[in-house]
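**Q** Dropping the structure in here first, questions after.
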Amino acid sequence: MPTFMSACPVQELFSPVSEDYLRGPYPTVAAGRGEAPAFYSDELEMWVLTRYEDCATVMSDTDRFSSRIAQDPLLPFGRKA
């Protein structure tokens, strides 16, 4: 991961499985649109896009962008799984 992305303030706030985010994701997403419309999430090990136009571009360009890991679990399975 490029070192310049580690200073992203939105990345520090972004935790898609935290109670705060699940209760109200909108402030974090709004901050992302203004400060870092695209950032790398260490927690997800994926890039996160916060603007509609960027999402539409990615979803329509299957030559450059892939969803091959979309079905992978966000969290590792527990021992009982």
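Throughout, read-outs are computed from the coordinates displayed, never taken from laboratory work. The structure presented is a predicted model; accordingly, all values stated were derived computationally and were not measured. All Cβ positions, glycine included, derive from the backbone under ideal geometry; neighbour counts span all protein chains shown.
**Q** Run the quick spin-label model on ARG51 and GLU35: label points 7 Å from Cα toward the beta carbon, then report their separation in nm to one decimal.
**A** Between ARG51 and GLU35, the simple spin-label model gives 1.7 nm.
**Q** Moving on. What spacing in nm lies between the two simple spin-label points modelled at TYR21 and ARG79, each 7 Å away from Cα in the Cβ direction?
**A** 2.7 nm
**Q** For GLU12 and ASP61, FRET efficiency with R0 = 25 Å and r from the beta-carbon atoms, rounded to 0.05?
**A** 0.30
**Q** From zero up to wherever the largest Cα-Cα distance of region 26-65 sits, split into 5 Å bins and tell me the percent of pairs in each.
**A** The distribution over region 26-65 is 6, 23, 26, 28, 13, 4, 0, given as percents.
**Q** Quick check: net charge around PHE14, other residues with Cβ under 15 Å of its Cβ, Lys/Arg +1 and Asp/Glu -1?
**A** After counting each charged neighbour, the total is -4.
**Q** Then there is this: What is the packing order of peptides 22-28, 49-55, 38-44, 60-66, taking the mean over residues of other C-beta atoms within 10 Å and listing the highest first?
**A** Averaged packing, sorted descending, gives the order 38-44, 49-55, 22-28, 60-66.
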